[in-house]
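Peer 1: The structure under discussion is supplied below as structure tokens; questions concerning it will follow.
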Amino acid sequence: MPADSADTTDAADTTVAVGETTSRKEVATAALADVAREPGAAKPDPVLVADGIVRRFGGLTAVNVDHVEVQRGAITALIGPNGAGKTTFFNLLTGFDKPDDGTWSFNERPLNGVPPFRVARMGMVRTFQLTKVLSKLTVIENMRLGATGQRGERLFFGLIPPLWRSQERDITARADDLLARFNLDSKRAEFAGSLSGGQRKLLEMARALMVEPELVMLDEPMAGVNPALTQSLLGHVKDLREQGMTVLFVEHDMDMVRDISDWVIVMAQGAVIAEGPPLEVMSDQRVIDAYLGAHHDLSLAEVAAEEGIDAPELLGTHDSTPSPKDAS
Amino acid sequence: MDWGFIFTASVSYALGALTVAYCLAAIGLNLQFGYTGLLNFGQAAFLASAGYGMAVMVTTFELSFWVGITVGLLATLALALLLGLPTLRLRADYLAIVTIAAAEVVRLVVRSVKFKETLGGSDGLQQFANRFYELSPLSDGFGINFGPFLFSNQELWVMIVGWSLVALFSLITFLLARSPWGRILKGIREDEDAVRSLGKNVYWYKMQALMLGAMMAGFGGFIIGIFFNAVSPDIYATALTFAIYTILILGGAARVAGPILGAILFGFLFQFVNVTLSEAVNADYITFLDSSQTAQIRLVLVGAGLMLLMIYRPQGILGDRREIALDAR
């Protein structure tokens, strides 16, 4: 009964995995237990620290973060309504955009003015909201590209294959392992452009891991991914923590945030407005206000009464036009 | 109409010195545009800087031919560096604008009256390649016949050296395209931010591709100069750059053999149209043209051909549609 035995092995694997998950998750949870639930709270072992980051686009201040720390070995979610400045903040941290003011450091090494490629080499690797697979390269070539410190990437070494062939073999072996883990091994030789949206997200994440990062920054890893694949992606993100990596991710899907994150940072209008473990943050009044508006549970008439204005004026309607309520 | 003559004239041209020069320039452009995606529309300027670097040293300053070659290469690399430093930070389309303008600047400077003493003005410079022909192992004489094809000793010597360079540069391209270095170039062509996020210094790789491609094109500039034993500014007009693009796209961008096939086919068709038209005019088959107009007609046809290629077969003869940077539709 091969099927049965396979099932048992699976079950055993899962138990082990769950056991590990719990342990790593517990470590992260314990480390964060005593951290103050307030914006800019100090963490026991921060891997990334940002101070006074300001980015203006003309008259608009897109990001204005006083202080924020990211705990090592934990999964931290960065959430906030559309236009809160999450992606801009990501770009600033990784060197893809330059802030007007502020300092930030990774492993206590300052990152001011460090170009993006060097940030990546230091161990801080990001993915993009709009997936950037190199569509006219094959999946395996995409993966190989991620490996750092390749001898053959120097012009004159590249000309002489024996100088880089053995390293290429090691890289390919590592790439194949990752592809197998991400269930992309069957697509190995296909052009990355032929992958589905979800597979592209997987490939981008796997490729980022080829850099062997310490901190993985995922910009909306679930955007446009079908529900079936979401579960597997979630598993992969948790897996990163199990392997000792730190994860910072931007996400809109609250279920996912609740499920996998150890700590949540909430941004609104460019600033950090709340921090805390997922469940506590989601019941925080400031967060609910930011997402739904301060008056989300009042009718417009009540708001108007509170603010002392006429309801029709607020609605922008005239007396002659019936309100939607009347119409129904 | 002597079809035998038309055919041999076209084939001779398609294997001759000028085709070799265009081919070398296209190999360089293949590295820049085909693999890296750099829209360099100033390739003519790199040929000019090499050709003029050589000619000025030998004719104006009366230094040796080898000093000329060295200075020509250095001038080409310097121009690539000068152009690349500010422009490689720009998006692809802006790079195209800047390079096409820079190429015109180079051409107008070398033909200016102000520098006539050094650069020869619109007449250009002559008689600097004699040393090259002295090196020829071919015996003196009027030429050598290969079946119906006749090449002068001088052109044959240029062809031998030129096609050897084509072989060498194609080998280099072949090795580089398969190396991790070439993989980064292809990655940059697809999405440079993605490559950046993986820890690669994109700017420096683009600079390397631009300089290496410029150097290969520089050898094309030497070949043109040596073959005519003269350089003149108007050879290096933008039409030259577009001919090189046509060659590359015809053969297939991002393919090692693309520029070779493209150059031979382009040379053949270019000359075939020219000779056929002038034969037809001479034989009074065509009465609405005179023989001085046929050379212009073929340029019109080059433009039309480039348009048709871009619309119907942007991957060229050897290319793989899924793989090329061109998406006209």
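The values are calculated or read from the model by the stated rules, or taken from the named source; none is laboratory data. The model shown is predicted, which means the values in this text are computed figures rather than measured ones. No Cβ is skipped: glycine too gets one built from the backbone with ideal geometry, and neighbour counts run over all protein chains shown.
Peer 1: Testing A:Ala50 on (1) closer than 30 Å to A:Gly293 by Cα; (2) modelled with pLDDT under 90; (3) among the small types (Gly, Ala, Ser), one condition comes back false. Which one is that?
Peer 2: Of (1) closer than 30 Å to A:Gly293 by Cα; (2) modelled with pLDDT under 90; (3) among the small types (Gly, Ala, Ser), only one is false for A:Ala50: (2).
Peer 1: Let me ask something else about it. Restricting attention to region A:27-47, which residues are among the β-branched types (Val, Ile, Thr), within 20 Å of the chain's Cα centre (by Cα) and surrounded by 15 or more Cβ atoms within 10 Å (Cβ to Cβ)?
Peer 2: Going through region A:27-47, the residues among the β-branched types (Val, Ile, Thr) turn out to be A:27, A:29, A:35, A:47.
Among the residues that remain, those that are also within 20 Å of the chain's Cα centre (by Cα) are: A:29, A:47.
Across region A:27-47, the qualifying residue is only A:Val47.
Peer 1: Now for a separate question. Name the one entry in A:Gly59, A:Gly80 that is at pLDDT below 90, under 24 Å from A:Met205 (Cα atoms) and away from every other protein chain (no Cβ under 14 Å). Show your work before the answer.
Peer 2: Values: A:Gly59 fails: under 24 Å from A:Met205 (Cα atoms).
The match here is A:Gly80.
Peer 1: Continuing with this model, one more query. Picking from A:Gly158, A:Gly149, which residue would you name as being more than 31 Å from the chain's Cα centre (by Cα) and over 15 Å from B:Gly187 (Cα atoms)?
Peer 2: On the way: A:Gly149 fails: more than 31 Å from the chain's Cα centre (by Cα).
From the options A:Gly158, A:Gly149, the qualifying one is A:Gly158.
Peer 1: Please go through (1) in a loop (DSSP other than H, G, I, E, B); (2) more than 24 Å from the chain's Cα centre (by Cα) for B:Glu117 and return the number of the only condition it doesn't satisfy.
Peer 2: (1)
Peer 1: Same structure, new question: Would you point out the residue of region A:175-234, among those that are part of a loop (DSSP other than H, G, I, E, B) and free of Cβ contacts under 8 Å to residues at least 40 places away in the same chain, that is farthest from A:Val70 (Cα to Cα)? Spell out how you get there, then give the answer.
Peer 2: Pass one, region A:175-234, residues part of a loop (DSSP other than H, G, I, E, B): A:182-184, A:188-190, A:195-196, A:211-214, A:220-226.
Add one more test, that the residue is free of Cβ contacts under 8 Å to residues at least 40 places away in the same chain, and what stays is A:196, A:222, A:224-226.
Details: A:Ser196: 32, A:Met222: 21, A:Gly224: 27, A:Val225: 26, A:Asn226: 29 Å.
Among them, the one singled out is A:Ser196.
Peer 1: Another one. Just checking: which of the helices (runs of 4 or more DSSP H) contained wholly in region B:168-278 hold 2 or more residues that are surrounded by 24 or more Cβ atoms within 10 Å (Cβ to Cβ) and within 14 Å of another protein chain (Cβ to nearest Cβ)?
Peer 2: Filter on region B:168-278 gives B:180-190, B:192-197, B:202-228.
Peer 1: A further question on this structure: At pLDDT 95 or above and among the polar types (S, T, N, Q): which single residue out of B:Thr36, B:Thr60, B:Thr8, B:Thr19 fits that description?
Peer 2: Working: B:Thr36 fails: at pLDDT 95 or above; B:Thr60 fails: at pLDDT 95 or above; B:Thr8 fails: at pLDDT 95 or above.
After ruling out the rest, the residue left standing is B:Thr19.
Peer 1: Looking for whichever is assigned to a loop (DSSP other than H, G, I, E, B) and touching a residue at least 40 places away in the same chain (Cβ under 8 Å) here; the options are A:Ala62, A:Ala84. Which one fits?
Peer 2: On the way: A:Ala62 fails: assigned to a loop (DSSP other than H, G, I, E, B).
So the residue among A:Ala62, A:Ala84 that is assigned to a loop (DSSP other than H, G, I, E, B) and touching a residue at least 40 places away in the same chain (Cβ under 8 Å) is A:Ala84.
Peer 1: Ok, one more. In a helix (DSSP H, G or I) and crowded, with 24+ Cβ neighbours inside 10 Å: is that true of B:Leu38 in this structure?
Peer 2: On the way: in a helix (DSSP H, G or I): no; crowded, with 24+ Cβ neighbours inside 10 Å: yes.
For B:Leu38, the condition - in a helix (DSSP H, G or I) and crowded, with 24+ Cβ neighbours inside 10 Å - is not met.
Peer 1: Can you work out which of the residues in region A:166-193 that are surrounded by fewer than 13 Cβ atoms within 10 Å (Cβ to Cβ) and within 14 Å of chain B (Cβ to nearest Cβ) is nearest to A:Lys136 (Cα to Cα)?
Peer 2: Top of the filtered list is A:Ala189.
Peer 1: Mind checking which pairs have a first residue in region B:77-93 that is over 19 Å from B:Tyr35 (Cβ atoms) and modelled with pLDDT of 85 or more and a second that is β-branched (Val, Ile, Thr) and assigned to a helix (DSSP H, G or I), Cβ under 8 Å, 6 or more apart or different chains?
Peer 2: B:Leu79/B:Val106; B:Pro86/B:Val98
Peer 1: Sort out which residues of region B:87-100 are under 26 Å from B:Val231 (Cβ atoms) and either under 18 Å from the mean Cα position of the chain (by Cα) or basic (Lys, Arg) (or both), and write them in order of number. Spell out the reasoning first.
Peer 2: Initially, region B:87-100 is screened for residues under 26 Å from B:Val231 (Cβ atoms), giving B:87, B:96, B:98-100.
Residues satisfying the conditions are B:Ala96, B:Thr99, B:Ile100.
Peer 1: Inside region B:107-152, can you point out the residues that are out of contact with any Pro (no Cβ under 7 Å at 6 or more places or on another chain) and hydroxyl-bearing (Ser, Thr, Tyr)?
Peer 2: Taking region B:107-152 as the starting set, the residues that turn out to be out of contact with any Pro (no Cβ under 7 Å at 6 or more places or on another chain) are B:108-109, B:112-121, B:123, B:125-152.
Matches in region B:107-152: B:Ser112, B:Thr118, B:Tyr133, B:Ser136, B:Ser139, B:Ser152.
Peer 1: Can you find a residue in region B:158-167 that is within 30 Å of B:Ala254 (Cβ to Cβ), surrounded by fewer than 15 Cβ atoms within 10 Å (Cβ to Cβ) and either under 17 Å from the mean Cα position of the chain (by Cα) or touching a residue at least 12 places away in the same chain (Cβ under 8 Å) (or both)?
Peer 2: Yes, region B:158-167 has at least one match.
Peer 1: Restricting the search to region A:48-98, which residues are surrounded by fewer than 19 Cβ atoms within 10 Å (Cβ to Cβ), among the charged types (D, E, K, R) and in contact with a helix residue (DSSP H, G or I) (Cβ under 8 Å, 6 or more places away or on another chain)?
Peer 2: Hits for region A:48-98 are A:Asp97, A:Lys98.
Peer 1: Same structure, new question: Restricting region A:94-135 to residues that are of a type in the set (Lys, Arg) and in a loop (DSSP other than H, G, I, E, B), which is farthest from the other protein chains (Cβ to nearest Cβ)? Quick ask: steps written out before the conclusion?
Peer 2: Let us first name the residues in region A:94-135 that are of a type in the set (Lys, Arg), namely A:98, A:109, A:118, A:121, A:126, A:132.
Checking which are in a loop (DSSP other than H, G, I, E, B) leaves us with A:98, A:132.
Values: A:Lys98: 13, A:Lys132: 4 Å.
Here the answer is A:Lys98.
Peer 1: Only one residue in A:Gln269, A:Gln243, A:Gln285 is under 24 Å from A:Ala180 (Cβ atoms) and surrounded by fewer than 20 Cβ atoms within 10 Å (Cβ to Cβ). Which one? Spell out how you get there, then give the answer.
Peer 2: Values: A:Gln269 fails: under 24 Å from A:Ala180 (Cβ atoms); A:Gln285 fails: under 24 Å from A:Ala180 (Cβ atoms).
It is A:Gln243.
Peer 1: Right, here's the next one. Looking only at residues in region B:120-157 that are within 24 Å of the chain's Cα centre (by Cα) and at positive phi, which one is surrounded by the fewest Cβ atoms within 10 Å (Cβ to Cβ)?
Peer 2: Restricting to residues being within 24 Å of the chain's Cα centre (by Cα) and at positive phi, the top hit is B:Gln127.
Peer 1: Here's a follow-up. Which count do you get for residues in region A:136-164 that are facing chain B (nearest Cβ under 8 Å) and of a type in the set (Phe, Trp, Tyr)?
Peer 2: 2
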